[in-house]
Amino acid sequence: MKQSKRTFGTVLMTLSIIFFYLPILYMIIFSFNEGKSLTSFTGFSLRWYQHMLESQDMMEALYTTFMVAIIATAISTVVGTIAAIGLSKSKKIVRELMDQVNNLPMMNPEIVTAIGFMLLFITFQVEKGLTTMLLAHIAFCIPYVMLSVMPKIKSLDPNLADAAMDLGCTPWQALIKVIVPQIMPGIVSGALIAFTMSIDDFIISYFVTGRGVKNLSIIVYTMSKRINPSINAISTVMIVIITILLIVINVLPTFLAKQAEKPGNGKRNLIIALACTILLVFGIQSLKPSVGNGNRPFEGQTLHIYNVGEYTGENIISNFEELTGAEVIMEIFDSNEAMYIKVANGESYDILVPSDYMIQRLIEENLLQPLDYELLDCMDLLVPEVLNLSYDPNNVYSVPYFWGTVGICYDTTIVSEEDLEKEGYNIFLDEKYRGQIYLYDSERDSFMMALKALGYSMNTTDEQELQEAYEWLVQCVQTMKPEIVTDEIIDNMAQGRKALGITYSGDAAYIMSENENMGFYLPESGTNFWVDAMVIPANANNPELAHEFMNYVSSYEGALDNSSYVGYTSPNIEVREELGGPGGDYEGINAYLPRTNYEKDEVFFYDENTRKVMSNLWAKVKISASNAK
Amino acid sequence: MKKFTTLAVPYIVWSALMLVLPMALIALYSLTNQGNTIISFSFTLEHYVKFFTDPDFLLILWRSFVIAVKTTIICLLLGYPVAYFIARSNEKLQSILVLSITIPMWINALVRTYAWIGLLSDGGIIQQILAFFGFHDVQLLYTEGAVLLGMVYNFLPFMILQINTALCKMDNSLLEASADLGANPLQTFLRVTFPLSVPGVINGITLVFLPAVSSFFIPKLLGGGQYFLIGNMIENQFITVGEWNFGSAISMIMAIIMMLMMMAVRKAEDRTQGRKE
Amino acid sequence: MEKKKLIEFRNIVKTWEDGTVVLKGINLDIYENEFVTLLGPSGCGKTTLLRILGGFLDTTEGSVMFDGEEISHKPPYERELNTVFQRYALFPHLSVYENIAFGLKIKKVSKDVIDQKVMKMLKLIGLEGYENKNVSLMSGGQQQRVAIARALVNEPKVLLLDEPLAALDLKLRKEMQYELKRIQQEVGITFIFVTHDQEEALTMSDKIVVMKQGEIQQVGTPEEIYNEPANKYVANFIGESNILSATMVEDYKVRFDDITFDCVDFGYKPNEPVDVVIRPEDIDIVEVEKGKMTGEVLSVLFKGVHYEIMVETVPGTTVTVNMHVIGNRDVSSADGKEKISANDFYIDIEELENLDDKEIIARSDAQAWDPETDELMSIAKVEYDLKNELGQYPVKFSTANGTTVERTIFVVNQPFVKNEKANEAIMAFNFFKTVDELLESQALDTDIKTWANAQGWKLSNEDQSIDIFVDYDFDPENIKEGVYKVTFSTTGREFKIHTTDYSEVGQEVGLTFFPEDIHVMSKMVF
């Protein structure tokens, strides 16, 4: 019987170890995958590591993660230890009160703590970025350090400090020479906990960061929507570093103990430890990519771009950097709304790439600066249909970046064209396709679909019509079991996982080029004709360089790189013709050449009140989708 | 001696600023209207009213609790035997096992969660295994099961470590005493081992339930955009909708409910440990 | 009345995983209604033996019989005996009542019977009214009683107690000793009690088993163990004693310290080396001429009921050296900013090879300091030229700034005093010291030993050093320059005596004892 129990335990233990390590192992293996797939291993390659090393975003995230962790650990360990010693000698009431206060970040849901920090920094107008991240990390690490140091202090002989001072120590010496060595194990484990907490943190960092400062978690979160095996690569690097660190931590004490047995080695060990730390810091420092120099017009200058993820050509940034000598820092946003919140809160960028309606809003709120046409030489190269639209008459503020429509991407083997033509958007209520549809997680696209399905203008301000659209959407999520997705729709449709999805024409073009069974349909009830364009915020630091970038992006070379990589329709006449025409990448793909001049197609019009109504209603649609399960 | 007390003063100031004030700000935002600026505001309860009068919001709250409770129960059922096994193995194996449970905790939670996407996605390894056993085309990713799995995966180590600590702290002579008094191994477990590990179990429950109920990246990554929990609602209000006041109100509601639950748990714990006081 | 044999240990061997043998073949019988104590220092295997009986450890070899039945392979919960654990092992989550009722509940005894039995137990241990108390809030003595009640309520045939009194303070321990004895007599079952406290064992036991390093040394009643220890080890462990090496001249005659005494022991080979033990309370102090031995009183300690007097009957080994007390010979630097001092010293020629700069500085007590601040400075340079032959050699000490003092090293062939009979030797050197150094000394005796480099050692083992005492007749407070005699000596044969009569330290006294007070034991075989 004893035997069977043992076997049961071993099996259980093995299973749980497999459970814990399987995903990690899987990730490490797939970081060496040749192909892009996360499901089939096609061959060994270091391609994603190279991709990772070339990605400034990722390397900086790695650097930020460790930098913040090391500094936050150092500061919180020192401050926490000192505070714990001080508190242990304080009055009971102070001690108990502080216990409660320290419990706040531990007993509160982390997201609440995170929001607390965010509101704090916003209220006191501390610019969000590395400093705020560091401050927040220090703040939530200190309680853990104290928690681990306190018991050690409590178990100390209370006369120890007195004895030291009796023997001639100053209080400071008593602290350093007597108390601190005694509580060292507590301090070390406190530091370890702090380091783990900091390196592992996502939620707090996510809410308090700004200025493009990202740690690894944030990168993974914002990049996870589309398949990107470099996430596996950077995660593997992280895992390797952590594992080495852990092994060192676990092996070093035994090693040091052995060393210490030989007399007179204490100092040497300290020096070794110090050297290790310095090496580590420098090693991490060297991760930070360095910038080459030469004699170019914008040498040493920096361009801050705030753009959507996966929305730039493969080489466009590096070519631009090569050309101008400037350094480009590109921050990625999730949605126009997320971008707006940052910009409205005074964060400074040189170029934004928002959508039409958001440009209108930014103009209305005086957050943009007019373009200097003296510096622009690209406007003649662009498709006339995308110029001089209602959101920015005469293109005073914006230069088109990509453009297109929103339509229905469908699997031609499952969805009959007849149904599409007959039902238009109402095909999303057709129970024949239940469980087969994707909705796009964007209030304006979803409401556009609903309003157009109902025959209204997508720019309606009529609350009744909006309410009807809301009900249309609720009906859809409650009866059709849709998945509400963002960019993952692209890879999923390309692999034919579902039959119907609302997609941007550019995404549809990519999907169709990957999967010939896919089609793109624009309902006759009209759709959203959209333009994403480059603008320069009013508080930009380097407008001149921004203009230069606009020129480059709009030029044949830049636009070709952009459009052929991303798959969205280029505003550059020559590029559009070349890619969409015979022999081009998108030959025969209707999604690449958006419908123009159709009267029922509209450009989105921004209205603050409607936006609020819509975003609230959309949140509720998602909630009822979630509740419908 | 007195000198040392002054060492605490800077931290008291710091914590008032960095720990207490943020909570006060959330409370303030949740009770005020108009805006992302603090200059112009008026007090109102409308955000709370809005939350509590909408059955959809309440349902989300309820579902968040349900999934957190499920996560906690699964973690307890899986974690206890594992912790028990670790505690009963010899010292060397014990430290190796504890370390191997700890290492994944050191690896970023987001990275670990992301790793599951590949495993669970259509055509992924798990689906293939299921297909091998005759379950074809089972949708795994973007289901409640995936969210549950992600939560259990992320929070199970907390449960194991807490229970293991409690079991290891237990004096072996208590088990011997129980056997000495005639209890067979099962009786010893039920009457001595388990009751004495209850504080660890409670700590474990706290450490699992708390992050599970407020989690937002696990549902988002593994549950998809249509999977909404209270944490996602808060994120949505702050990051996308920009309704900070309403978001603060939801945060306050969650914080208060959690605080009440913690107090209830501690009370219950005191009662089981009762006679100590 | 013939008592029934209850437990038999048959050749019990226990080896730990790392190969250490804790029990080396224990054979022991325990009878009904006995209070048996396993006595020995920690690590002797007594607790291991108890745990084997309790079923918490398996034996490596041998068998355990209980009531005629082999029980080595029964798990603890099937054995008809109960244990009181060292730290009581009370269940912290259960009340006093629940703790005591634990075993009965396991046996599914009906509720009212449990009630009745628990109450009876509470009465037995004198804790009525405590049934709902939290055990972890009780005092050590109370917890102890609960632990006993918890075990006894199951009506075991044997109660095992593993150092149950170790955690109690002295007064409580004494109380509990009587209490345990009373309970054992009242319930009338066998108690097997493990302790390292000989007094506890003597007070409570019917039978004592003295153990050492996994072996039984002696089994007997307390009286037998005390009065007739089987060997030096038992004698030493039980009570205080004077143990000496002796020779059994013939039957009834034993010889030690060059005197032959009458005794009551016989059956040894002629001239067999033996150990002799004389209990301190068996020796009387009498006038010198009436004593069987004479000696000098070394110390008198008041112990409450009696005095503990140490008497030296055979003097130790001595050596006398010259202490040269000299004037102050500090050297100042030209600018007066530093001073340096050092002394001449003697050294044995055999020690020359061990001599290095550090040792020379230490032996000569060389120092340099700043006269204004009295802060010490380091000696930067030591210059000397020593040959490996007797003679006088100059040595020069300098500071970094070149302030120098020159002294002499006397290399001598120092004889040492041997004392074959006492198996010891002692040696010391003449030395030079200034008046100031003598006056500044805070622990003069220790300093003089250091200065003279006085050492004592066992002839049989040179590494084993012997304590040395210093004697001199100068007044250290008012010492002047000159040469003084200093004597170093070891202690000789000492006897410890417990008596109610007071003696003066330094007094010459006679010692006497009766032949039956001399207990002769075989030499221990290792």
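Annotations for the structure displayed:
- Of A:Gly455, A:Gly435, all but one fail to be outside any helix (DSSP H, G or I) and either under 17 Å from A:Lys498 (Cβ atoms) or among the acidic types (Asp, Glu) (or both); the exception is A:Gly435.
- Residue that is farthest from the other protein chains (Cβ to nearest Cβ) [pool: residues in the range A:338-372 that are surrounded by 19 or more Cβ atoms within 10 Å (Cβ to Cβ) and among the acidic types (Asp, Glu)]: A:Asp350
Conditions (1) among the hydrophobic types (A, V, I, L, M, F, W, C); (2) touching a Phe, Trp or Tyr at 6+ places or on another chain (Cβ under 7 Å), marked per residue:
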| site | (1), (2) |
| --- | --- |
| C:Val187 | yes, no |
| C:Ser205 | no, yes |
| C:Ile216 | yes, no |
| C:Glu224 | no, no |
| C:Asn231 | no, no |
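- Qualifying residue in the range A:535-557 (condition: in contact with a Pro (Cβ under 8 Å, 6 or more places away or on another chain) and in a strand (DSSP E or B)): yes
- Exclusive hit being within 16 Å of B:Val13 (Cα to Cα) and either surrounded by 24 or more Cβ atoms within 10 Å (Cβ to Cβ) or outside the structural domain of A:Pro143 (by TED's automatic domain parsing) (or both), set A:Thr113, A:Thr73, A:Thr81: A:Thr81
- Set B:Leu120, B:Leu110, B:Leu141: member being under 28 Å from A:Ile203 (Cα atoms), facing chain A (nearest Cβ under 7 Å) and among the hydrophobic types (A, V, I, L, M, F, W, C): B:Leu110
- Residue match in the range A:608-623 (condition: surrounded by 19 or more Cβ atoms within 10 Å (Cβ to Cβ), of a type outside the set (Gly, Ala, Ser), in the same structural domain as A:Thr324 (by TED's automatic domain parsing) and free of Cβ contacts under 8 Å to residues at least 24 places away in the same chain): no
- Cross-chain or 6+ apart pairs with Cβ under 8 Å, the range A:84-113 first and within 7 Å of another protein chain (Cβ to nearest Cβ), then among the acidic types (Asp, Glu) and in a helix (DSSP H, G or I): A:Ile111/B:Glu235
- Where a residue in the range B:226-237 is under 20 Å from A:Ser442 (Cβ atoms) and its partner, wherever it lies, is among the charged types (D, E, K, R) and outside any helix (DSSP H, G or I), with Cβ under 7 Å and at least six apart: B:Gln226/A:Glu483; B:Gln237/B:Glu243
- Tally of residues being of a type outside the set (Ser, Thr, Tyr), in a helix (DSSP H, G or I) and within 13 Å of chain C (Cβ to nearest Cβ) across the range B:148-194: 17
- Filtering the range A:1-32 to residues that are surrounded by 13 or more Cβ atoms within 10 Å (Cβ to Cβ) and either under 23 Å from the mean Cα position of the chain (by Cα) or away from chain B (no Cβ under 11 Å) (or both) leaves A:Pro23, A:Ile24, A:Tyr26, A:Met27, A:Ile28, A:Phe30, A:Ser31, A:Phe32.
- Pairs, first facing chain A (nearest Cβ under 10 Å) in the range B:243-265, second surrounded by fewer than 21 Cβ atoms within 10 Å (Cβ to Cβ) and not in a helix (DSSP H, G or I), C-beta under 7 Å, six or more apart: B:Trp244/B:Asn36
- Matching entry among A:Ala163, A:Ala136 (being part of a helix (DSSP H, G or I), among the hydrophobic types (A, V, I, L, M, F, W, C) and at the interface with chain B (Cβ under 10 Å from one of its Cβ atoms)): A:Ala136
- Boolean, A:Ser442 is in contact with a helix residue (DSSP H, G or I) (Cβ under 7 Å, 6 or more places away or on another chain) and small (Gly, Ala, Ser): no
- Residue in the range C:257-265 that is surrounded by fewer than 16 Cβ atoms within 10 Å (Cβ to Cβ) and in contact with a helix residue (DSSP H, G or I) (Cβ under 8 Å, 6 or more places away or on another chain) present: yes
- Note on the range C:144-183: residues that are part of a helix (DSSP H, G or I) and crowded, with 22+ Cβ neighbours inside 10 Å amount to 10.
- Only one entry in C:Ile360, C:Ile340, C:Ile379 is closer than 27 Å to C:Lys485 by Cβ and either of a type in the set (A, V, I, L, M, F, W, C) or part of a loop (DSSP other than H, G, I, E, B) (or both), namely C:Ile360.
- Subset tally (residues that are more than 15 Å from A:Ile115 (Cβ to Cβ), facing another protein chain (nearest Cβ under 9 Å) and either modelled with pLDDT of 75 or more or assigned to a helix (DSSP H, G or I) (or both)) for the range B:1-38: 15
- If the condition is being small (Gly, Ala, Ser) and more than 12 Å from every other protein chain (Cβ to nearest Cβ), then the range B:39-82 contributes B:Ser40, B:Ser42.
- One residue from B:Gly247, B:Gly231, B:Gly225 being assigned to a loop (DSSP other than H, G, I, E, B) and of a type outside the set (Val, Ile, Thr): B:Gly225
- Test: residue in the range C:38-48 that is more than 30 Å from B:Pro199 (Cβ to Cβ), charged (D, E, K, R) and touching a residue at least 60 places away in the same chain (Cβ under 8 Å): yes
- The selection criterion, being at pLDDT 65 or above, in a strand (DSSP E or B), within 30 Å of A:Tyr556 (Cβ to Cβ) and out of contact with any Asp or Glu (no Cβ under 8 Å at 6 or more places or on another chain), holds for A:Ile329.
- Matching option when the condition is within 12 Å of chain B (Cβ to nearest Cβ), touching a residue at least 60 places away in the same chain (Cβ under 8 Å), under 32 Å from the mean Cα position of the chain (by Cα) and surrounded by 17 or more Cβ atoms within 10 Å (Cβ to Cβ), among A:Ile193, A:Ile153, A:Ile142, A:Ile179: A:Ile142
- Of the strands (runs of 3 or more DSSP E) lying entirely inside the range C:462-523, those carrying at least 3 residues that are over 29 Å from C:Gly267 (Cα atoms) are C:469-472, C:482-489, C:508-512.
- Entirely in the range C:253-323, the strands (runs of 3 or more DSSP E) that have 1 or more residues that are touching a residue at least 40 places away in the same chain (Cβ under 8 Å) and touching a Gly at 6+ places or on another chain (Cβ under 9 Å): C:284-286, C:293-302, C:307-314
- Taking the numbered list (1) buried (at least 18 other Cβ atoms within 10 Å of the Cβ); (2) under 17 Å from C:Met524 (Cα atoms) in turn, C:Thr247 passes all entries but (1).
- Condition check for B:Asn203: within 13 Å of chain A (Cβ to nearest Cβ) and without any contact (Cβ under 8 Å) to a residue 12 or more places away in the chain: no
The values are calculated or read from the model by the stated rules, or taken from the named source; none is laboratory data. Here the structure is a predicted model, which is why all the values come from computation and not from measurement. For neighbour counting, all protein chains shown are included, and Cβ atoms are generated from backbone atoms with ideal geometry for every residue, glycine included.
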